[in-house]
Structures are given as C-alpha cells and as structure tokens.
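The values are calculated or read from the model by the stated rules, or taken from the named source; none is laboratory data. None of these values were measured; they are calculated from a predicted model. In this analysis, Cβ positions are derived from the backbone assuming ideal geometry, glycine residues included, and neighbour counts consider all displayed protein chains. We work out accessible area using only protein heavy atoms, side chains counted, and drop any ligands, DNA or RNA first. Shrake-Rupley method; radii C 1.70, N 1.55, O 1.52, S 1.80 Å.
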Amino acid sequence: MESLSCLVLKPSPPTRLFFPPRIPQMALPGSAFVFPFSMDYQLPITTAKLALKPIRASTSTVPTTPSTTSTVTSSPTAASTKKVLVPIGFGTEEMEAVILVDVLRRAGAEVTVASVEPQLEVQASGGTKLVADTRISTCSDCVFDLVALPGGMPGSAQLRDCEILKKITSKQAEEKRLYGGISTAPAVTLLPWGLLKRKRTTCHPAFFDRLPTFWAVKSNIQVSGELTTSQGPGTSFLFALALVEQLFGESVAREIGELLFMHSADDKPRKEEFNKVDWAVSHTPRVLVPVANGSEEIEIVTIVDILRRAKVDVVVASIEKSVKILASQGVKIIADKLIGDAAGSIYDLIILPGGVAGTERLQKSRILKKLLKEQDAAGRILGAVCSSPTVLHKHGLLKENKATAHPSSITELSNPVDGPKVVIDGKLITSMGLATVSDFALAIVSKFFGHARARSVAEGLVFEYPRS
C-alpha cells in the first residue's frame, strides 16, 4: 500500500519559525550567469528585456500538468527534454516549491510535482493548499535528470521520512545525476540520508549549525558536483536558475532571468512612492487575493506567503466555479473560498495577481468588478501586479494614479511609471510582477506595519532588504 511506503505523520497545522538575520553575501563580478562547480558563487542578475512568450506543451510518462503560458522556446536544447522531480509534503515551503516548478517549466523542463502524503492535496507551511500531479509511488521506476527538494518545516521532515523518495534521491546521487535542496532540506532531509558527504553545502541560516562544519558554506547558492543547495525562499529564484543552467546551459538561464525581471541592486529602484498617505489600521489588516485559471502562480504564492508571515489575514478567493484553479505554469492551487462567499466581507486591500489568461478572466468577473468599485468608492487600498493593472484601468479605477505593470502591458496605462519595481500612489500599489513581487509584498508590509516588520520578514526569507 502507498501509505506504508512513507512514514506519514499527523501533525498539527504547520507553524512558521522565526529565523535570525541572514548572513550577508558578496556577489562575484560579471554580467553572465556563470556557475563554477564545487565553488562558492552568487548568481549575478540581469536586466529585464523580454516579454512573455507562448509555451511549448510537453509530454511525460509520469502524470504531469503541462504548462499553459510562457517558456523559453528559442533554446537549441529545448528539443532534448529534461525530466525533473519536485516532491512536496505537509508543511513544504510554498514559495520554494512553486518558484522551482514555475522557473523550470519556463525553461522547458518536464516537472513532476509528487506528493509524499497519501493524498495529492498538500497544505504548505504558510497555509496555501497545493495539489500534486501524482503520488511519489508512481515515480519509483522513473529516471529524472534532476531531483529538487523544497524546504519548509515540517515539510523537510515529511520528505526525509519517505522511503520511496530516499531511494529515488540516493539512486540519483549514486548515478551522478543532478539533485539539490533549499532552505531546511539540506540539513533536515539530505544530511540524514548521507547525501552531503564530501560536498560543500549551504542551507537556511537557522539550520546552518546542523551541517558538518568543514563542508558548510555561508552562501546564497552552493554547487558541489551534482549537488546544488541554497538558503531559503528569498534565494529560490537563484536556486532555480542555477538548476536551469546545469540542465539547459548559461544562455537559457540568462534568458529566463531576464524574463523574470531579476535585477541587480543598482539596476532599477526598489520602489517609488507618490502622494504618500498612511495605510496603518487599528486591526489586523485583511487582504483579498482573487485568483483564476491562468493566474501566475509565482505571484499568488509569493504575495500570500509573505503577507501571512507578517501576520496579515489573507483570503484567496477563486472567481471560477471551483476553488481549485490551474495556474499559468500548470501548478494547481486550492483557494480558501469562492469569490461569491468572499464578497460579503470588507478588505483593507484587494490585490490582483497577473498572468495573461488569468488577468482576462479576472476582468470578466462581475462579482470582482463590483468589489473593486466598492473598494475604490470607500477609499480603501487596491493593488495589482504584472498585467493585472490593466484590469483596474479598464474598470476606470486607475484614474490619474501613477502605476507600473509588465512591459507588455504598461503602455495601456493612463499614467505609467517605467523604472521602479514597485510604484505606490496614495492607496494604489502596483508592480512589474514575477520576481518583483517579493518587493511588492514587503512594501505592503512596510506600509501596514512599518519598515522594521518588513525587514524582519525579509530576514526570515533570506531576502536582501534595505536597512532603512
């Protein structure tokens, strides 16, 4: 029986750990994605130049959900399909899992999300409910080019206690194929399996003392032979791109980095604010995130995860007939409720995620349109990322407010600001989307609670954030 293959615990709902400040890093010079194996390095980040591209559907012998929006199709290696396993369990860190899946699928990999639990539906560490493509037992006899473990607690312990996953990953290492882990996974999962021997390794700063002292490295990304490790949710994009480079080459990794807007520190301003007003409230801030089929999963999960870490009350509401939605890169997410059930409450902020197909569906929702207009009339806050600021524009809610959006959509806005990752104008906040949504969510935390709270959340994420 599948339930006997993995040791399944019955834990209480996942809780978040409070982590110490991150360890500062030094970036290596250069403008290209270069990954010297078995050495410390930090991924240089490039300027965004590319718009979204149509995705190339893929097939797999393992049950998977094909992507539906964008990937890199120009790569000569795209025809050589790479198969990737991303296991998840109760308490897996949702940002790490979803960013891994999203980025690797954009690069052209066939990614299988496999549950180590008896059921496909998995509640992640921040409360987001994900649905795996298959159970881990169906992957036993499959050969993968990469096995990538997300972190999170107790998710890493759930992965560690799964015998099937242990055998798959151990065989991966023995046959010198790629494997890796991020955040708590190196210390909690890979170390007990004996898969860190004679390997330079990093992990989340809070678990660093569990690593063998001689082989532990304080870096964002560490590549040691076939093993790649990284520090936390805030380094997930770097981790994913390091894996893309090893699977598909430097040029594909660079192109994906540009597609995701992974900017260097001095490339674009983090945020710009106009008509500054106070957002502070006397109660726990309440935020609504409407979602649809085709919404961008990176944006949904990152925004929700970061806001919940800051103790914001976040409600994810589906505008579809079902609470289950299929996001733009094939990740299945279960919303908290339907939009009709969410419409009876008052929210301090409503945030629209992007994704081309998702944005079109959000725009057509009559219930959401009514909610947005009521929000604006009451003088409450509106937010939108990527292509979704166009929804506010088409509903007549942007007015003369300054805003930003994805480069493919920004020309549709009435008063666009091209440059900052995040633009705040009074009670409107917008961003370019994708990798900029961490800055977007932390800007919201800062507006509600102050800079100190935002910095504390950023440190737990292992995300670079200004001290003042």
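Quick notes
- Accessible surface, 1.4 Å probe, highest first, among residues Arg361, Arg160: Arg361, Arg160
- Scaled radius of gyration (Cα, divided by 2.2 N^0.38 Å) that region 304-347 gives: 1.25
- Surface calculation, 1.4 Å probe, protein heavy atoms: His451 sits at approximately 60 Å² accessible.
- Using the Cβ-Cβ distance between Glu121 and Lys176 with R0 set to 25 Å, the FRET efficiency from 1/(1 + (r/R0)^6) comes to roughly 0.15.
- By a 1.4 Å probe calculation restricted to protein chains, Val277 has an accessible surface near 60 Å², given to the nearest 10.
- Derived scalar couplings ³J(HN,Hα) [region 130-143; Karplus, 6.51 cos²θ - 1.76 cosθ + 1.60; whole Hz; x for Gly, Pro]: 10, 10, 6, 6, 7, 8, 4, 4, 6, 9, 4, 9, 8, 9
- Residue ranking by accessible heavy-atom surface, 1.4 Å probe, largest first, among Trp279, Trp215 comes out as Trp215, Trp279.
- Kirkwood hydrodynamic radius of region 271-461, from inverse mean 1/r over distinct Cα pairs, in Å: 16.1
- The slack in the chain from Arg380 to Lys321, taken as 0.36 nm per residue of separation less the alpha-carbon distance, amounts to 18.5 nm.
- Dipole magnitude (debye, nearest 20) for region 83-260, charges at Cβ of Lys, Arg, Asp, Glu: 560
- Region 291-393 - share of DSSP beta bridges that are antiparallel (%, nearest 5): 30
- Over 32 Å apart at the Cα level, from the set Lys337/Lys427; Lys83/Lys337; Lys218/Lys421, are Lys83/Lys337.
- Accessible-area rank, largest first, for Arg309, Arg270: Arg270, Arg309, with all protein chains present and a 1.4 angstrom probe.
- Secondary structure note: in region 90-209, about 35% of the DSSP beta bridges are antiparallel.
- The three principal axes of the C-alpha atoms in region 83-260 carry coordinate ranges of 37, 36, 33 Å, sorted with the longest axis first.
- Accessible surface of Val422 - all protein chains present, 1.4 Å probe, nearest 10 Å²: 0
- The mean sequence separation of alpha-carbon pairs under 8 Å and at least six residues apart, normalised by the residue count of region 271-461, gives a relative contact order of 25 percent.
- Considering only region 271-461, percent of DSSP beta bridges that pair antiparallel, nearest 5: 25
- Spatial separation of Cα centroids for region 97-126 and region 146-205, in angstrom: 15
- Positive-end extreme of charge dipole, region 319-468 - chosen from Ser438, Leu398, Gly358 (charges on Cβ): Gly358
- Modelled label reach - Trp215, point 7 Å along Cα→Cβ, region 231-249 residues with backbone N closer than 18 Å: 231
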